[in-house]
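Nothing in this text is a laboratory measurement; each read-out follows from the coordinates by a stated rule. Given the structure is predicted, the values throughout are model-derived calculations rather than measurements. Methodologically, a virtual Cβ is constructed for each residue, glycine included, from the backbone with ideal geometry; neighbour enumeration extends over all protein chains shown.
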Amino acid sequence: MNLRKAAVIGCGLVGSATAFCLMQSGMFTELVFIDQDKERAKGEAMDISHGIPFAGQMKIYDGGYTDLKDAGIVIITAGANQKPGETRLDLVHKNIAVFKSVIPEIQKSGFEGILLVVSNPVDILTYAALKLSGYTENRVIGSGTVLDTARLKYELGRHLAVDSKSVHAFIIGEHGDSEIAAFSSANVSGIALSEFCEMRGHFDHEENSRQIAQTVKNSAYEIIERKGATYFGIAMAVRRICKVIVQDEKSILPVSSMMHGEYGISDIVLSMPAIVGRHGVETRVPISLNEEEQKMLTESAGTLRGILQKEGLL
């Protein structure tokens, strides 16, 4: 297995933006594009490969599933995109059908690396990929709420006029409408969020928290309404996840992974903080939640469970 070889399955807006980010990252020496539209995959490979003189030597090409055998990471962005007025969960049926054709092909290739699911609804499709592939749970990761968490940090940083990298907070649960901003465990460089807010002259914690959480949750809808799709933010989130894997950082990211009794939730893939490294998810990290957040997390899991049952996956 070559950890410096990555494959992107699906060359739509998210897939091509992701490939462009990965090409510029310097992490990989080989990048292969796979799409049912072979001409599109070839065109994207050609276009991005013309930047090699600016970014450094690597091999970029369009290929097939047999090219996955020695890949370190396979990134799945294939599937229908969310349209204006649609929720991520509206995509379930169409994209599960896509996964039922894609996952067996990946499996047949002899792929032994990390499978990174980006297609939406990501928590449901990560569960589907896990069940359809039979891979060990650590190897199947969803991009989860890594982007939502970045949006939360951005909004909090803007609200507090502080570098967003100094903000430590997570969006947890579903990557979607039932997501939860875990404000009770949030802090800015070790200082409790409410205390830091007051240092910066903000005292209406409940209303400010509500508005920020709503802004984060509605971000994708607003972007889709304005430009038709979201792709740059998620591409950068995928680049971050790949970096953590390739460099074995053991960083804590809120990725989609299987729950086994944490917070009373089992046999559901949810986005929760986890230690991620070379071998994928090492362990989930228990963060403290207040009673309301715990209740919302249980409801979020229930929403996903209902969809999985409806689709016959549970």
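In straight-distance terms, cross-link reach from residue 250 covers every one of the lysines whose alpha-carbon lies under 30 Å from its own, apart from those fewer than eight places away in the same chain; here that gives 5, 59, 69, 108, 131, 153, 165, 217, 295. Which of the three applies to region 46-165, rounded, prolate or oblate, going by the alpha-carbon gyration tensor with a ≥ b ≥ c and a/c under 1.5 meaning rounded? Cα axes put region 46-165 in the oblate bin. Between residue 207 and residue 260, the modelled labels are 4.6 nm apart [label points 7 Å from Cα along Cα→Cβ].
Each part gets one Cα centre, and for region 1-23 versus region 42-71 those centres are 9 Å apart.
If R0 is 30 Å, the Cβ-Cβ spacing of residue 158 and residue 90 corresponds to a FRET efficiency of close to 0.50.
Each 10 Å bin, from zero up to the one with the longest distance, holds this percent of the alpha carbon pairs of the chain: 6, 28, 35, 23, 7, 1. Quick check: from the Cα gyration tensor, does region 180-246 come out rounded (a/c under 1.5), prolate or oblate? Oblate shape, in that a/c is at least 1.5 and b/c is the bigger or equal ratio. By the count of neighbouring beta-carbon atoms within 10 Å, fewest first, 217, 5, 83 end up ordered 83, 217, 5. What FRET efficiency would be calculated for the residue pair residue 309, residue 232, taking the C-beta separation as r and a Förster radius of 35 Å, to the nearest 0.05? For residue 309 and residue 232, the calculated efficiency is 0.50.
Helices in the chain, meaning DSSP H runs of at least 4 residues, each add -39500 (n - 2.57). Divided by all residues, the mean residue ellipticity at 222 nm is -14000 deg cm²/dmol. With a/c under 1.5 counting as rounded, go ahead and sort region 152-273 into rounded, prolate or oblate using the C-alpha gyration tensor (a ≥ b ≥ c being the square roots of the eigenvalues; past the cut-off, prolate if a/b is larger than b/c, else oblate). Taking the square roots of the gyration eigenvalues as a ≥ b ≥ c, region 152-273 is rounded. Pairs of Cα atoms nearer than 8 Å and 6+ residues apart set the relative contact order; for the chain it is 18 percent.
Report the calculated FRET efficiency for residue 214 and residue 66 (r = Cβ-Cβ distance, R0 = 51 Å), to the nearest 0.05. If you can, show how the numbers build up before the last one.
On the way: r = 46 Å, r/R0 = 0.91.
Step by step, r from the Cβ atoms, then E = 0.65.
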